[in-house]
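S.K.: A single structure is presented below for examination.
The values are calculated or read from the model by the stated rules, or taken from the named source; none is laboratory data. These figures come from a predicted structure and were not determined experimentally. Ideal geometry is used to build each Cβ from the backbone, glycine not excepted, and the neighbour counts take in all protein chains shown. The area values use the complete protein model at the heavy-atom level, side chains included, leaving out ligands, DNA and RNA. Shrake-Rupley method; radii C 1.70, N 1.55, O 1.52, S 1.80 Å.
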Amino acid sequence: MDKLYSKSMWTLVIILIIGLALLSMFPFIWMFLNSLKSQAEINLIPPHILPERWMFENYIHAWFKPEATFGRYFINSTIVAGAGTLFMLAVCIPISYAISHFSFKGSKWIFFFVISTMMIPSDITIIPNFVTLRHFPFAGNNNWLGQGGQGFYDSYMGIMLPFFASAFSIFLLRQAFLSVPKEYFEASQVDGMTYFRYLCTVLVPLSAPSIVTASLFSFIGKWNSVLWPLLITSNEALRPLQVGLLYFVSEEGHNYHHLMAAATFTIVPIVVLYIFAQKWFHSGAVATGLKG
């Protein structure tokens, strides 16, 4: 009787999990199905779940319709998200290493200050960041006072620079570095290994899952960014995918069938990236979560 009850409970749990999974996937499924419909069919009430005619040509129209083609937007997003993530790692890994392995005056206060910045709403920093980059000395024909040019406005660097350092990534990597036994660090000092070599050959490989986790969060955040790239650029050739989606909304109306096709373009790379990196992502999140 107990075994029968246990099997019934497991069956209910599995059904519940499948139902929740389908519920969470429904917006993406609906987006894909609408991307294969005509505009008239999307406006039908009640709506049809499956398209009457599967219009795969919507993806061709969506790719070439904006002022700058989606291929240009795709390249821009790849550059901003990829290079921005690499710069973020180059900044956050040494900071996390210093905070976790070296004791110096004010180290705890520095870490406290870094973590406290996570409480500041990102909207508050938009104007200061814009003014700073617009008047950055010796950038974009600016003089040493930050005047006379446009600074980092309308440039890839302007899109990426404010996000080179990430408080969340520093916290995550610090927790990962603290989980590595101190004996490794002490043994490396006995062997005469430099601090930099220990970081590159021991600490980084042992903390690879957490580094991948931080990289994924950074990449996804930069890939999905809309407001900042829209403000810091006016050149269509520099704008990323998410900004390109705005061109399917006009005063004449919304081209929902093309918009859904374009949105599918933006989601597929993230899904593929997560599929290949999910093992590292899960292990990194669990490891840093358990090591409080």
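S.K.: Only one residue in I49, I75 is out of contact with any Leu (no Cβ under 8 Å at 6 or more places or on another chain) and either within 17 Å of H258 (Cα to Cα) or of a type in the set (A, V, I, L, M, F, W, C) (or both), so which one is that?
M.R.: Values: I49 fails: out of contact with any Leu (no Cβ under 8 Å at 6 or more places or on another chain).
Residue meeting the stated conditions: I75.
S.K.: Given the residues Q147, Q189, which is the only one that is outside any helix (DSSP H, G or I) and open to solvent by 60 Å² or more (accessible area, probe 1.4 Å)? Let's see the steps before the verdict.
M.R.: Values: Q189 fails: outside any helix (DSSP H, G or I).
Unique residue meeting the criteria: Q147.
S.K.: Does S225 satisfy the criteria of being over 29 Å from A277 (Cα atoms), of a type in the set (S, T, Y) and surrounded by 16 or more Cβ atoms within 10 Å (Cβ to Cβ)? Quick ask: steps written out before the conclusion?
M.R.: On the way: over 29 Å from A277 (Cα atoms): no; of a type in the set (S, T, Y): yes; surrounded by 16 or more Cβ atoms within 10 Å (Cβ to Cβ): yes.
It is false that S225 is over 29 Å from A277 (Cα atoms), of a type in the set (S, T, Y) and surrounded by 16 or more Cβ atoms within 10 Å (Cβ to Cβ).
S.K.: What number of residues within segment 133-144 satisfy the criterion of being open to solvent by 60 Å² or more (accessible area, probe 1.4 Å), closer than 21 Å to L238 by Cβ and modelled with pLDDT under 90?
M.R.: Qualifying residue count for the region: 2.
S.K.: Only residues that are free of Cβ contacts under 8 Å to residues at least 12 places away in the same chain and farther than 16 Å from V114 by Cα: list them for segment 91-103, please. Break it down into steps so the answer makes sense when it comes.
M.R.: Kept after step one, since they are free of Cβ contacts under 8 Å to residues at least 12 places away in the same chain, are these residues of segment 91-103: 98, 102-103.
Answer for segment 91-103, where residues must be free of Cβ contacts under 8 Å to residues at least 12 places away in the same chain and farther than 16 Å from V114 by Cα: F102, S103.
S.K.: Take the residues in segment 1-36 that are at pLDDT below 80 and open to solvent by less than 100 Å² (accessible area, probe 1.4 Å), then tell me which one is nearest to T266 (Cα to Cα).
M.R.: Across segment 1-36, the extreme among qualifying residues is M9.
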